Amino acid sequence: MRMMARTNGMKVLLTVMLFTVLSTLQGCYSFSGASLPPHLNRVAVPLFDDASQAGIAQFRETLTRKITDKLQSQSSLNLESDPTRADAVLTGVIVSYRDEPSQLGGTTERAVTNRITIVVTAEFEDRVKNTRIFSQSFIGFADYTTGSYSAQQTAITSAMDQAVDELVNRVISNW
């Protein structure tokens, strides 16, 4: 009986201590890392360049559109077509596109799957404060079954989406 009372007392003490710690830490964490500075309202995203020599039609247009669509859906930024009137400008280049074997067959030593890798560099500039917010590379990759054109196209889209997700997350976070 005494042991049960002691166990219940310990539970109450631990609960009170946990509540006290959580109450103390309540104001220590802030979600401000996910919001843009209030002076940034309009962003210009000129057409990204393509230095990859991939030969993919509409590569730069598709990437730029994916970035602008994601910025519009996930941030409070408004798109500005004229960079001179924008509060911030996001520029970039598709640096490389690779389609290389990623898994070899056990008996034939031929590629069973290939990996698409897309590397994009981007620079985000605050035109109000005349500062560079970041200049960074973003990588997206996806594997596909060798010999399947539709799987290859899906992998290209997935790799591009992955790079775009990382880029847009970098734009709208870490403030």
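Residue-level analysis places ILE133 outside the set of residues that are free of Cβ contacts under 8 Å to residues at least 60 places away in the same chain, among the β-branched types (Val, Ile, Thr) and farther than 18 Å from ARG42 by Cβ.
Taking the criterion of being at pLDDT below 90 and either in contact with a Lys or Arg (Cβ under 7 Å, 6 or more places away or on another chain) or part of a loop (DSSP other than H, G, I, E, B) (or both), would at least one residue in the stretch 56-65 satisfy it?
Within the stretch 56-65, the first condition is being at pLDDT below 90, and the residues that meet it are 56-57.
The next check asks that each one be either in contact with a Lys or Arg (Cβ under 7 Å, 6 or more places away or on another chain) or part of a loop (DSSP other than H, G, I, E, B) (or both); those that pass are 56-57.
Yes, some residue in the stretch 56-65 is at pLDDT below 90 and either in contact with a Lys or Arg (Cβ under 7 Å, 6 or more places away or on another chain) or part of a loop (DSSP other than H, G, I, E, B) (or both).
Filtering the stretch 106-129 to residues that are surrounded by fewer than 12 Cβ atoms within 10 Å (Cβ to Cβ) and either of a type in the set (Gly, Ala, Ser) or modelled with pLDDT of 95 or more (or both) leaves only GLY106. Of everything in the stretch 135-174, what is aliphatic (A, V, I, L, M) and either assigned to a helix (DSSP H, G or I) or surrounded by 21 or more Cβ atoms within 10 Å (Cβ to Cβ) (or both)? Give them in sequence order. Correct list: ALA142, ALA151, ALA155, ILE156, ALA159, MET160, ALA163, VAL164, LEU167, VAL168, VAL171, ILE172.
The values are calculated or read from the model by the stated rules, or taken from the named source; none is laboratory data. Only a predicted model underlies this, so the values are computations on that prediction, with no experimental measurement involved. A quick note on method: Cβ atoms are made from the backbone with ideal geometry, for glycine too, and the neighbour counts reach across all protein chains shown.
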